[in-house]
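Below is one structure, written out as structure tokens; comments come after it.
The values are calculated or read from the model by the stated rules, or taken from the named source; none is laboratory data. These numbers come from a predicted model, not from an experiment. Neighbour counts are summed over all protein chains in view; Cβ atoms, including those assigned to glycine, are modelled from backbone coordinates with ideal geometry.
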Amino acid sequence: MGLKATARKNAIHALLVYSGGCNGCDIEVVNAVFSPRYDIEQYRILLTWNPREADVLIVTGAITWAMKEPLQRIYELIPEPKAVLAVGSCAINGCVFRNLVGDIKHNPEVFAPLEKIIPVDIKVPGCPPRPEDIIMAAVKGVPKLMAAP
Amino acid sequence: MTEEQPRESVIVEKELPLGPVHPALLEPFRVRFFVNDEIVEDCEVILSMPHRGIERILEGLPVERALLITERVCGICSNSHAWNSVRVIEKGLNIEVPPRALFIRVIAQELQRIASHLIFIGHAMEVVGHETFAMRAFLLREEYMDMLYFIGGNRVHPAVPVIGGVRPRCEISDSLKRVILETLERSERKLRNYVGRVVADPLVMGRLTGVGYLSKEDAIRLHAVGPTARASGVEWDWRMEMFEYKPFTYDYVILYEGDNKARVIARALEIFECIKIVRQALKDLPEGPVVNRDWSPQRMKFTDSYNEAPRGELYHSYSLDDYGKLRHYKIRTPTITSIHSVEFAAKGDHVTDAVVTIASCDPCLACCNRVEIIDEKSGRRRQFTSMIEVIKKYGWRR
């Protein structure tokens, strides 16, 4: 293992961007995954709030008008290599906010699939996904970071 | 010789924006502090980030399917939204609910209230800077999430109420009852230990005591609700009015200090009252069916319903047309009214304390977004709650 891979492996920083869902996935990620029971720090994945030191971008929620541009800017600020996790049904397909609409047929407030805005590496389905699934997905994203030059 | 002009005094207002993605704010909202030498002179919270147009997409849905969306309004207090939306139609069409279902709804609601208050305490401790207390609060919360998982099959959205009762899957069996009682006993001991330590900790209490004062008059004037208002001495809780809570004996936590410390302690004490209610409900759980399917969607007048969510007063109202489809769904969540009172309370404090004050009303912003008004003079924005006044004055936004 080279020097870069060793350095990366020991401190993977995850940045959480909540882009307007119901708050459930957000709480699951921060309070469950980073809390003592489902301790993701045992895999040396740390939570950060600074895009410039982040490696993994965790996005939850259906993307709303107000959060679309900040999300793109945050994605650009993260240095290469980076992995993007789409956590929850909202980020993957819009969940109820896109698919279960009444008379108006199309909800103009959400830009639901995250893939349309930024490239996504790993998807974690569920409404909200279980903490075990989120941990598994985050760990799966690690080899991509390791393999990068 | 030139005449000396009188110098114009120019007030330079310094602005300190936070958000929408910021460590102090878990959720996407934007706070603008207008500071003068680190003292907050004015504070403004912009809530429009997570606007998903829920009231609009609910328009025209069949009433049974609306429960899927109303539960997903908020991820922390999902049960109170689901419960309140079925209470509207039960009140409007006079649907009889079996007593066992009412008890199970109360149990789910109180378990979620405990989980929500523990999130708040953990988050407040994180903002204050005491990470050990925050982590311990999240660890204590996991037991309550487990109980919700056993009841409903999902940690965050247990989907306990349906129209006419509770989902048959959420039936509380004897073995589950025993598990819940044992967990409550174990957890209550830990909680008493934990809350005692938080209250006795001089570092944490030094940050909270006497900061962000909100008097009772201001709390009533700015319409603070829930534990935020009860920490300022407003003696009101919607559980006093709800017939579901009549069989239980418990106390309402009302404190008179009105500072951040009172707002934290009010929620901490309320946890033990919730445990009391859950114990009584499990003990007196009536026998019988859990759901009454004997109803059909039909025309309903505009009906409203209030509920005590973990953060305070929650309002849902809608009407049904001839085909049983939803019309004019209206939701008012507690944070939208509470956040202005803490906005007011944060004035005059240090910037670091003001962030704690904003967090101390337990803001849950996934659900609150309203009409936005821009003041022409100062260019500042305000969200309003009383729609009728705003519409009379400014007309519809869209």
- How many of the residues in segment B:60-92 are small (G, A, S), over 15 Å from the mean Cα position of the chain (by Cα) and either within 9 Å of another protein chain (Cβ to nearest Cβ) or surrounded by 22 or more Cβ atoms within 10 Å (Cβ to Cβ) (or both)? 3
- Task: Would you please name the residue that is nearest to the other protein chains (Cβ to nearest Cβ), looking only at residues in segment A:131-149 that are under 23 Å from B:R155 (Cα atoms) and in contact (Cβ under 8 Å) with a residue 60 or more places away in the chain?
- Result: A:P131
- Query: When you look at B:I95, is it more than 10 Å from chain A (Cβ to nearest Cβ) and at pLDDT 90 or above, yes or no?
  - Reply: yes
- When residues of segment B:141-185 are limited to those that are over 21 Å from B:S85 (Cβ atoms), hydrophobic (A, V, I, L, M, F, W, C) and part of a helix (DSSP H, G or I), the one farthest from the other protein chains (Cβ to nearest Cβ): B:L181
- Task: Select from segment A:28-61 the residues that are of a type in the set (V, I, T), in contact with a helix residue (DSSP H, G or I) (Cβ under 8 Å, 6 or more places away or on another chain) and either more than 16 Å from B:V21 (Cβ to Cβ) or part of a helix (DSSP H, G or I) (or both) and list them in ascending order.
- Result: A:V29, A:V33, A:I40, A:I45
- Residues located in segment B:222-242, provided they are under 18 Å from B:A268 (Cα atoms) and among the acidic types (D, E): B:E235, B:D237
- Query: Can you name the number of the only condition in (1) facing another protein chain (nearest Cβ under 9 Å); (2) more than 25 Å from B:P158 (Cα to Cα); (3) more than 16 Å from the chain's Cα centre (by Cα); (4) not aromatic (F, W, Y) that A:I74 fails?
  - Reply: (3)
- Which residues, counting only those in segment A:62-82, are among the charged types (D, E, K, R) and part of a loop (DSSP other than H, G, I, E, B)? A:E80, A:K82
- Query: For segment B:81-119, how many residues meet the condition of being outside any helix (DSSP H, G or I) and among the acidic types (D, E)?
  - Reply: 1
- Among the residues of segment B:216-235, which ones are over 15 Å from the mean Cα position of the chain (by Cα), in a loop (DSSP other than H, G, I, E, B) and not polar (S, T, N, Q)? B:L222, B:G233, B:V234, B:E235
- In segment A:103-128, how many residues are touching a strand residue (DSSP E or B) at 6+ places or on another chain (Cβ under 7 Å) and at the interface with chain B (Cβ under 10 Å from one of its Cβ atoms)? 2
